[in-house]
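Just so it is clear, none of the values below were taken in a lab; they were calculated from the coordinates. Quick caveat: nothing in here was measured; it's all calculated off a predicted structure. Don't worry about glycine lacking a Cβ; one is built from the backbone with ideal geometry, like all the others, and counts go over all protein chains shown.
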């Protein structure tokens with residue numbers, strides 16, 4: 001249930017509305033807009049008569065939300081969410097680019113890549129210190145040493161860091177080094193983990209599961225939001241279909257669909273979505289044209305010898321070309337890549 005206050009409703013009136021909702025067993029999440037406050041009342045109470053709230057002073061309207069995801073819904077927050085990660089803005093008119101290797105492999109590698117992606121306009125350095133691999137015999141990442149190297153490289157070139165956290169035991173460690181916590185496709189429906197991330201102090205980038213519907217994806221985001229962390233970024237990274245010509249099927253149509261349903265920023269990952277190096281740039285262009293709030297791509301200084309996902313990692317010159325092209329597309333639709 002959504003409670004929208006009147007223009008000019010006083011703090012005292014809003015506090016009384018919240019008190020009454022709590023009294024009836026609802027958890028209340030508050031979203032303060034420019035002119036009105038929106039209260040999201042979370043709880044299943046089919047016998048509750050919403051007119052008890054409608055009659056309270058300061059209430060403009062009460063809306064029932066049919067979607068199971070309440071806090072992620074546009075009904076709860078009508079304008080798109082925009083939040084700052086240091087000096088980097090996520091959402092709004094800017095399109096943010098996150099770039100870097102699949103895995104941190106060495107100090108020389110991560111510093112080389114950080115320098116080149118920063119020079120081309122990326123604002124956030126991506127890379128894995130802990131790698132969830134299908135085979136237990138492949139490279140699993142450098143762990144905390146990789147996190148330290150990423151943080152040093154990012155600081156050197158004035159970038160922010162996004163990296164994957166694989167389970168609840170790693171949250172505190174990764175938060176020491178990262179600016180954004182990435183949740184991989186395999187963990188999208190690890191609900192106990194998502195609840196813990198609701199208490200994290202850093203924004204969360206939530207990748208769509210390999211076979212997840214849009215509603216399931218938004219419900220996973222709801223777990224994080226309900227825990228109190230309202231800085232959630234959705235990432236479309238491709239889903240598994242019957243098609244075998246590409247690694248996954250990048251669902252570009254999900255971008256405008258989700259933006260209609262939810263206020264959360266949506267970015268796209270064409271590297272995992274297509275899985276083929278020379279197809280990444282066309283897909284990146286398409287994602288920006290479709291309205292993505294950002295793109296996250298894999299870049300490597302020597303992809304032919306990368307320890308993971310070399311086949312989908314861009315060469316430095318390809319990344320430079322991609323940035324030129326997506327910048328023009330962003331400008332054509334009234335957005336910008338700084």
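Listed values, structure above:
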| quantity | calculated |
| --- | --- |
| In degrees, nearest ten, helix 277-289 long axis to first principal axis of the chain (Cα) | 30 |
| Simple spin-label estimate for residue 24 and residue 260 in nanometres, 7 Å along Cα-Cβ | 3.1 |
| Protection proxy ranking of 200-208, 21-29 - average other beta-carbon atoms within 10 Å, highest first | 200-208, 21-29 |
| When segment 113-254 is reduced to its Cα atoms, the Kirkwood hydrodynamic radius in Å | 15.9 |
| Cβ-Cβ FRET estimate between residue 148 and residue 311, R0 fixed at 35 Å, reported to 0.05 | 0.80 |
| Rounded FRET efficiency, nearest 0.05, which uses the C-beta distance separating residue 115 from residue 211 and R0 of 41 Å | 0.60 |
| Interatomic Cα distance distribution for the chain, bins of 20 angstrom, percent | 31, 53, 15, 0 |
| Rounded to 5, percent antiparallel among DSSP beta bridges of the chain | 40 |
| Sequence ranges 141-153, 88-100, ranked by mean other-Cβ count within 10 angstrom, highest first | 88-100, 141-153 |
| Helix 214-226 vs. the chain, principal-axis angle (Cα, 0 to 90°, nearest 10) | 70 |
| Segment residue 32-residue 107, extension gain: residue separation times 0.36 nm, minus the distance between their alpha carbons | 22.6 nm |
| Those residues of segment 299-335 whose amide nitrogen sits under 15 Å from the label point placed on residue 82, 7 Å along Cα→Cβ | 334-335 |
| Exposure proxy ranking, count of Cβ atoms within 10 Å, fewest first, for 287, 102 | 102, 287 |
| Neighbour-count ranking [beta-carbon atoms within 10 angstrom, fewest first] of 249, 5, 241 | 241, 249, 5 |
| Folded to 0 to 90 degrees: helix 316-332 orientation relative to the chain principal axis, Cα | 30 |
| Cα Rg, Dmax (largest Cα-Cα span) when computed across segment 2-63, Å | 10.6, 33 |
| Ordering of 298-306, 329-337 by burial proxy (mean other Cβ atoms within 10 Å per residue, highest first) | 298-306, 329-337 |
| Segment 131-187: translational diffusion in µm²/s, Stokes-Einstein, Kirkwood Rh over Cα pairs, 25 °C, 0.890 mPa s | 203 |
| Span from the segment 211-245 Cα centroid across to the segment 1-22 one, whole angstrom | 31 |
| Additional length obtainable on full extension of the chain from residue 167 to residue 7, 0.36 nm per residue less Cα span | 53.2 nm |
